[in-house]
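The values are calculated or read from the model by the stated rules, or taken from the named source; none is laboratory data. This structure is a prediction, so every number in the text was calculated from the model and none was measured. Here the Cβ is made from the backbone with ideal geometry for all residues, glycine too, and neighbour counts use every protein chain on show.
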Amino acid sequence: MGRLTKELAQNIVDRTMHVIGYNVNVMDHNGRIIGSGDRSRLHQSHEGALIAIQRRGRFEIDEESASKLQGVMPGTNLVIYFQGEIVGVIGITGDPREVTKYGELVKMTAEMHLEQAYLIEQAQWDKRIKEDFVLSIVHAKENQHEALSAQAERIGFQVNQVHTACLIELQEEIHDLAIGTLQQVVHVLEKRSMIRLIAIRNVRQIVLFKEKQHKRKPGEDICEGIHQIRSWLAEQQITSMRIAVGRSGGGIAGMIASYQSAEDAMRAGRAIYPNQTVYYSEDLPNEALMVNVHSSWVTEELIQLWSTFMEADRSGELRQTLSVYFAEHGELNRVADRLVIHRNTLRYRLQRIQELTGKDPKRYDELFSLISAQWLYELQGRIRTTSV
């Protein structure tokens, strides 16, 4: 049930006195004054309020009655109801013949304030328990599925429907305004119909689950859903964000997997493709695989290979060539066109890469080794300093 707090009582007093021009008191269910236009009367017991509570209605006090009662002045007193229960009393000081006409209006205003405060409190509570559920998914363990299902049921969330996890991250370094920016992002997105759940994960990231609407049309870099999210944020001049989109899934297991795939896509995309701002896990299966590779002699060997290659390729020309060669699936004409070089120049560069690394990029297995070396190097260096 909603509570008639001192803050709410004083707020009712201040607003109603501004309209009617008479002193107003608000008493709690024990008849003690908790809000008043006359601050000297705060915390006093009001006998007229106790009589109104006893009568479960109105009690008017004239000059003669006021002299016989404790802590009262002439006026009218009406009980305040909330959800069928008496929670307090509203009192208006003055000649009962003058102030009684305001009584029902002030009582109704007080009850409306109480209802509004209750609805706001409930909305905030609902928001908190939904945020708790999102963070429970983020940190879920294998044996917690049953508990998470019960948690979802309590908040009325249909886990069996297909949802997609998205991770939104500030691009800038962490600073004092970061939390404020994240709160602004949540405020912008939480009322959108496609966003089912949303929560701040840490000082740089927000996790949300949206309904499954992330299919891209041929030639599109981002889907309609992510385009909408970016547009909503851009309207508030919030543009310095990265977004990672996980794989869609239903049920608790599907939601956990969707979040984990979004997290892997963010870690891989941030390190390997820092110039991009939207990452889809379905586009990065090999890169995401590298995120979860444990350190071993193989990883150390590949990281050292790339480090040595970087030292030799100070200009970055050969690394750019290798990257474009991989992206264009070894199609020499397209690679040469993208790099704006002659095919003979491209052949020379590929030969030079082989000489420096001992790996022939024209062989698929050795090209994969080279790309894996690059990804592991980028992930090892960047995750160490930017993982959150």
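Residue-wise test of (1) crowded, with 20+ Cβ neighbours inside 10 Å; (2) in a helix (DSSP H, G or I).
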| site | (1), (2) |
| --- | --- |
| Ile92 | yes, no |
| Leu114 | yes, yes |
| Ile120 | no, yes |
| Gln124 | no, yes |
| Arg128 | no, yes |
| Val134 | yes, yes |
| Ser149 | no, yes |
| query | Here are some residues: Ala336, Ala312, Ala265. Which one is loosely packed, with under 15 Cβ neighbours inside 10 Å and at pLDDT 90 or above? | reply | Ala312
| task | Taking Leu318 as the residue in question, decide whether it is under 30 Å from Ala152 (Cβ atoms) and hydrophobic (A, V, I, L, M, F, W, C). | result | no
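Any residue at all in the range 324-346 that's closer than 30 Å to Gln205 by Cβ and either free of Cβ contacts under 8 Å to residues at least 40 places away in the same chain or not aromatic (Phe, Trp, Tyr) (or both)? It would help to see each step written out before you state the result.
If we filter the range 324-346 for residues that are closer than 30 Å to Gln205 by Cβ, which is where we start, we get 326-327.
From what is left, the residues that are either free of Cβ contacts under 8 Å to residues at least 40 places away in the same chain or not aromatic (Phe, Trp, Tyr) (or both) are 327.
Yes, the range 324-346 contains a residue that is closer than 30 Å to Gln205 by Cβ and either free of Cβ contacts under 8 Å to residues at least 40 places away in the same chain or not aromatic (Phe, Trp, Tyr) (or both).
Restricting the range 160-176 to residues that are charged (D, E, K, R) and modelled with pLDDT under 85, which is surrounded by the fewest Cβ atoms within 10 Å (Cβ to Cβ)? So that I can check it myself, show each step before the final result.
Of all residues in the range 160-176, those charged (D, E, K, R) come to 169, 172-173, 176.
Retained after the next criterion (residues that are modelled with pLDDT under 85): 172-173, 176.
Details: Glu172: 11, Glu173: 8, Asp176: 6.
Per the stated criteria, the residue is Asp176.
For the range 33-73, which positions are assigned to a helix (DSSP H, G or I) and hydroxyl-bearing (Ser, Thr, Tyr)?
Kept after step one, since they are assigned to a helix (DSSP H, G or I), are these residues of the range 33-73: 39-41, 47-55, 63-68.
The answer is Ser40, Ser65, Ser67.
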| task | Check whether at least one residue in the range 131-144 is of a type in the set (Val, Ile, Thr), touching a strand residue (DSSP E or B) at 6+ places or on another chain (Cβ under 7 Å) and over 30 Å from Ile12 (Cβ atoms), and report yes or no. | result | yes
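For every residue, the table says whether it meets (1) loosely packed, with under 11 Cβ neighbours inside 10 Å; (2) in contact (Cβ under 8 Å) with a residue 40 or more places away in the chain; (3) not small (Gly, Ala, Ser).
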position	(1), (2), (3)
Ala140	no, yes, no
Ile155	no, no, yes
Ala178	no, no, no
Thr181	no, yes, yes
Glu190	no, yes, yes
Ile198	no, yes, yes
